[in-house]
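Participant: The structure is given below, and queries will be raised subsequently.
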Amino acid sequence: MTEDTMSELSNQHVLVTGGAGFIGSRLVHRLTPDIDVVVFDSLTTGTRDRLPESVSLVEGDIRDQEALEATVRDADVVFHQAALVSVGASVEDPSRSHDINVEGTLNVLEAARRHDARVVLASSAAIYGHPETIPVSETHSKEPTSPYGLDKLACDHYARLYHDLYELETVALRYFNVYGPGQTGGQYAGVMSVFIEQALASESLTVDGDGEQTRDFVFVDDVVEANLLAAQTEAVGEAYNVGTGSSISIRELAELVRDLGDSGADIVHRDPRPGDIEHSEADISQARETLGYEPTVSISEGLERTIEWVENRT
């Protein structure tokens with residue numbers, strides 16, 4: 001997306017929920033300083049230092065209807081990134097996952113409906129469960145295998161319903177495996193960040209199972225571009241896959257991380273994770289044709305940029 005295209009948002013007020021998190025903060029940096037941006041974030045996992053100093057931060061929880069309402073009131077576009085983004089955490093505490101992901105999203109949609117703000121919603125490939133066919137199109141059957149996936153499916157349906165029932169402009173973006181600078185490790189970190197941290201620490205890279213599982217890894221800046229396109233499309237009330245349309249095996253990923261990280265670390269295999277999805281790859285033809293979305297960052301380039309960020313951080 002060019003700066004000229006971005007100028008269509010320049011006279012609008014933008015709210016980013018979860019804007020101090022991994023994807024949200026990257027989106028905020030892309031929008032500023034030319035666009036008026038407010039971030040609404042509980043700072044449970046996000047941090048203020050991820051944001052430009054010029055950006056207004058409202059510290060609040062999307063489950064707090066009053067605080068959210070006051071912030072959405074002035075918004076023309078809401079990028080809804082706030083969520084409990086963890087399959088594992090959702091399995092441990094389904095009620096909390098539901099409260100944040102579903103009830104919180106419903107609060108966002110209700111506030112947006114009252115104040116006529118477009119909502120670009122972060123959905124997830126987790127809604128598809130175990131794919132029957134590859135690549136996965138938006139019309140694929142949806143059988144989530146975790147509370148998180150079920151939460152995201154409910155949010156996805158709510159976005160469409162609010163468009164159909166209330167004529168609210170909504171777009172749901174079904175993220176595949178997002179990675180890039182700003183993604184941090186921890187108990188529920190994505191496999192990409194885990195591999196990078198292990199390689200740079202000269203530790204063995206641990207692969208679950210035989211490593212033949214495949215994933216569609218999409219660089220965070222491409223995800224940001226998809227959000228900007230969704231904020232301006234006329235094709236609202238729809239959902240779009242956001243990936244690259246290609247995949248890599250987890251074993252190949254580990255080898256690539258090791259090589260790019262200039263690490264002599266071993267790659268070791270451990271027991272497979274119960275219920276792990278074998279293969280996942282996005283069919284992005286609908287996003288490409290309707291939104292004009294085109295991923296531009298290869299897995300090698302994205303990894304190099306991510307590794308450089310991690311090295312500079314440590």
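Participant: Which of 269, 250, 233 sits closest to the plus end of the dipole of the range 218-314, meaning its Cα is farthest towards the positive end, when Lys and Arg get +1 and Asp and Glu get -1 on the C-beta?
Facilitator: It is 269, whose Cα lies furthest towards the positive end.
Participant: Quick one: putting +1 on the C-beta of Lys and Arg, -1 on the C-beta of Asp and Glu, what dipole do you get for the range 201-314 around its Cα centre, in Debye to the nearest 20?
Facilitator: The calculation lands at about 220 debye.
Participant: In the neighborhood of residue 244, defined by Cβ-to-Cβ distances under 9 Å, what is the net charge if each Lys or Arg adds +1 and each Asp or Glu adds -1?
Facilitator: Working: positive: none; negative: 216, 222, 281.
That sum, taken over residues with Cβ under 9 Å, equals -3.
Participant: Run lengths n ≥ 4 of DSSP H only: what is the helix-derived mean residue ellipticity at 222 nm for the chain, with -39500 (n - 2.57) per run over all residues, to the nearest 500? Walk me through the numbers on the way to the answer.
Facilitator: Working: 11 runs with 112 residues, N = 314.
The per-residue figure over the chain is -10500 deg cm²/dmol.
Participant: Quick check for me: using +1 on Lys/Arg Cβ and -1 on Asp/Glu Cβ, what's the dipole size of the range 1-131 about its Cα centre, in debye to the nearest 20? Intermediate values should be presented prior to the final figure.
Facilitator: Numbers: 10 positive and 21 negative charges, 61 e Å.
Here the range 1-131 has a charge dipole of around 300 debye.
Participant: For residue 73 and residue 10, what does the FRET efficiency come to when R0 = 22 Å and r is the distance between their Cβ atoms, rounded to the nearest 0.05?
Facilitator: Details: r = 20 Å, r/R0 = 0.93.
It comes out at approximately 0.60.
Participant: May I ask you to list the residues of the range 56-97 whose amide nitrogen lies under 14 Å from a point 7 Å from Cα along the Cα→beta-carbon direction of residue 44?
Facilitator: It comes to 60-65, 81-97, nothing else.
Participant: For residue 65 and residue 103, compute 0.36 nm times the residue count separating them, minus their Cα-Cα distance, and round to one decimal in nm.
Facilitator: Working: separation 38, 0.36 × 38 = 13.68 nm, distance 0.99 nm.
Taking residue 65 through residue 103 to full extension adds about 12.7 nm, to one decimal.
Participant: Sticking with this one: Go through the range 222-231 residue by residue and turn each phi into a ³J(HN,Hα) via Karplus (6.51, -1.76, 1.60, θ = phi - 60°); whole Hz please, and just put x for glycine and proline.
Facilitator: Here the 3J(HN,Hα) series is 5, 5, 4, 4, 4, 5, 5, 5, 5, 6 Hz.
Participant: Hey, if you put +1 on the Cβ of every Lys and Arg and -1 on every Asp and Glu Cβ in the chain, which of 296, 95, 175 ends up farthest toward the positive end of that dipole?
Facilitator: Value: 95.
Participant: Contact order normalised by length for the range 221-295, with contacts defined as Cα pairs under 8 Å and 6 or more residues apart; what percent is it? Each step should come with its number before you reach the end.
Facilitator: Numbers: 49 pairs, mean separation 41.1, N = 75.
55 percent.
Participant: Anyone know which of 104, 275, 209 comes out most mobile in the 10 Å Cα GNM of the chain?
Facilitator: Maximum fluctuation in the GNM of the chain, among the listed residues, is at 275.
Participant: Would you kindly derive the ³J(HN,Hα) couplings of the range 294-303 from the backbone phi angles with the Karplus curve 6.51 cos²θ - 1.76 cosθ + 1.60 (θ = phi - 60°), listing them in order in whole Hz, with x for Gly and Pro?
Facilitator: Taking θ as phi minus 60°, the curve returns 8, x, 10, 9, 5, 4, 5, 5, x, 5 Hz for the range 294-303.
Participant: Could you give me the ³J(HN,Hα) list for the range 93-105, computed from phi with Karplus coefficients 6.51, -1.76, 1.60 and θ = phi - 60°, whole Hz, x at Gly and Pro?
Facilitator: Values per residue, Gly and Pro as x: 9, x, 5, 5, 4, 5, 4, 6, 7, 8, 4, x, 5 Hz.
Participant: Return the loop-located GluC sites (Glu not before Pro) in the range 21-123 (DSSP other than H, G, I, E, B) with at most 11 other Cβ atoms within 10 Å of their own Cβ; answer none if there are none.
Facilitator: On the way: sites: 53, 59, 66, 69, 92, 103, 110; in loops: 53.
Taking the range 21-123 and a limit of 11 other Cβ atoms within 10 Å, the loop GluC sites (Glu not before Pro) found are 53.
Participant: A further question follows. May I ask what percent, to the nearest 5, of DSSP beta bridges between residues of the chain are antiparallel?
Facilitator: Roughly 5 percent of the beta bridges in the chain run antiparallel, per DSSP.
Participant: Right, next: With +1 assigned to the C-beta of every Lys and Arg and -1 to the C-beta of every Asp and Glu, and no other charges, what is the dipole magnitude of the chain about the Cα centre in debye, to the nearest 20? The partial results should precede the final answer.
Facilitator: Details: 22 positive and 56 negative charges, 87 e Å.
Using Cβ point charges on Lys, Arg, Asp and Glu, the chain gives about 420 debye.
Each value in this text was obtained by applying a stated rule to the coordinates, not by laboratory testing. Computed from a predicted structure; not experimentally measured. Neighbour counts are summed over all protein chains in view; Cβ atoms, including those assigned to glycine, are modelled from backbone coordinates with ideal geometry.
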